[in-house]
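Single-structure report; data block below.
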Amino acid sequence: MKTIFHPAKERGFNSLGWLKSHHSFSFGQYSDPKKMNFGLLRVLNDDHVEQSMGFGAHGHKNMEIISIPLHGALRHKDSTGRDEIIKSGDVQIMSAGSGIQHSEYNASKEEPVDFLQIWVFPKAEDIEPRYEQKSFSDKDKVNKFLTVVSPNEDDGAIFINQDAWFSLSHINTGVALDYKLRSKENGVYVFVIDGSIEISNQTLEKRDALGVYDTENFAIKASTDAKVLLIEVPMA
């Protein structure tokens, strides 16, 4: 098994006052040739947006864009006429495909919103842009991996135009879970949303990440109660 450790403190950072964003991979003004991507995972931004503020209309093309609110609510509008609100517990995907314009704003006038925005390279290019969101119960994540994004429509997750799987888990202190990869050609980017875990004698704290590949499975043990996101993607 091979691993790549990305400590939270070494992420890129950008602040616009109303926006504070940490970048796991090169993005915008943050550039690190050693952190361009993990397989087909291109972007993982940890964003904090103040109340009523957000990103104005801007374009994307041929990218799978996933948003996972951690706290608060996010309002999404796009050029297909969509006007939606996602909140903690929801997962949203937008296949930019042949091209789409969208905006994202904090839906609240009272509190900030914290969310993860993740980009994955698509399997098929220039498809018709599509959008989907779904709510997932916290109880279904306790001490197991709940698949929230999948290329298989019968997984009960939202569909992604790529052979990629996103899983969320809330692991209680002392519990160890074994994760089995779908393909030996894949890798898994493990991102700690909260708490502390161990993988192969590597300790990961809040917002640390570990890329795991060249293995069929690996174990995650919670040192404290922990919330974890796993992103399995093809490595090539």
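The values are calculated or read from the model by the stated rules, or taken from the named source; none is laboratory data. On a predicted model such as this, the values are computed, not experimentally measured, just so you know. Every residue, glycine among them, receives a Cβ derived from its backbone with ideal geometry; neighbour counts consider all protein chains shown.
Selection of the stretch 209-229 for residues being out of contact with any Leu (no Cβ under 8 Å at 6 or more places or on another chain), more than 19 Å from L40 (Cα to Cα) and surrounded by 21 or more Cβ atoms within 10 Å (Cβ to Cβ) yields A222, A226. Just for the stretch 191-219: of the residues that are over 17 Å from the mean Cα position of the chain (by Cα), of a type in the set (V, I, T) and in a strand (DSSP E or B), which one is farthest from D178 (Cα to Cα)? Here the residue is T203. Please tell me if A57 is among the small types (G, A, S), modelled with pLDDT under 95 and surrounded by fewer than 14 Cβ atoms within 10 Å (Cβ to Cβ). Yes; evaluated as a whole, the condition is true for this residue. Residues in the stretch 61-113 that are buried (at least 17 other Cβ atoms within 10 Å of the Cβ) and polar (S, T, N, Q): S67, Q92, S95, N106, S108. Tell me whether the stretch 60-74 contains one or more residues that are in contact with a helix residue (DSSP H, G or I) (Cβ under 9 Å, 6 or more places away or on another chain), modelled with pLDDT of 95 or more and under 19 Å from D155 (Cβ atoms). Within the stretch 60-74, not a single residue is in contact with a helix residue (DSSP H, G or I) (Cβ under 9 Å, 6 or more places away or on another chain), modelled with pLDDT of 95 or more and under 19 Å from D155 (Cβ atoms). Whether a residue is among the acidic types (D, E) and in the same structural domain as P69 (by TED's automatic domain parsing) was assessed, and D155 does not pass this test. Of the residues making up the stretch 16-42, those that are over 15 Å from G187 (Cα atoms), within 20 Å of the chain's Cα centre (by Cα) and not charged (D, E, K, R) are L19, S21, H22, H23, S24, F25, S26, F27, G28, Y30, S31, M36.
Confirm whether I193 is of a type in the set (A, V, I, L, M) and more than 17 Å from L146 (Cα to Cα). No, not satisfied.
Any residue at all in the stretch 125-144 that is under 22 Å from L41 (Cβ atoms), touching a Lys or Arg at 6+ places or on another chain (Cβ under 6 Å), assigned by TED's automatic domain parsing to the domain that holds R75 and not β-branched (V, I, T)? Yes, the stretch 125-144 contains a residue that is under 22 Å from L41 (Cβ atoms), touching a Lys or Arg at 6+ places or on another chain (Cβ under 6 Å), assigned by TED's automatic domain parsing to the domain that holds R75 and not β-branched (V, I, T).
Being under 29 Å from Y179 (Cα atoms) and of a type in the set (D, E) is not true of D83. Residues that are without any contact (Cβ under 8 Å) to a residue 24 or more places away in the chain and part of a strand (DSSP E or B) within the stretch 46-103 comprise D83, I85, K87, listed in sequence order.
Scanning the stretch 136-154 for residues that are farther than 15 Å from I66 by Cβ and surrounded by fewer than 17 Cβ atoms within 10 Å (Cβ to Cβ) yields a count of 10.
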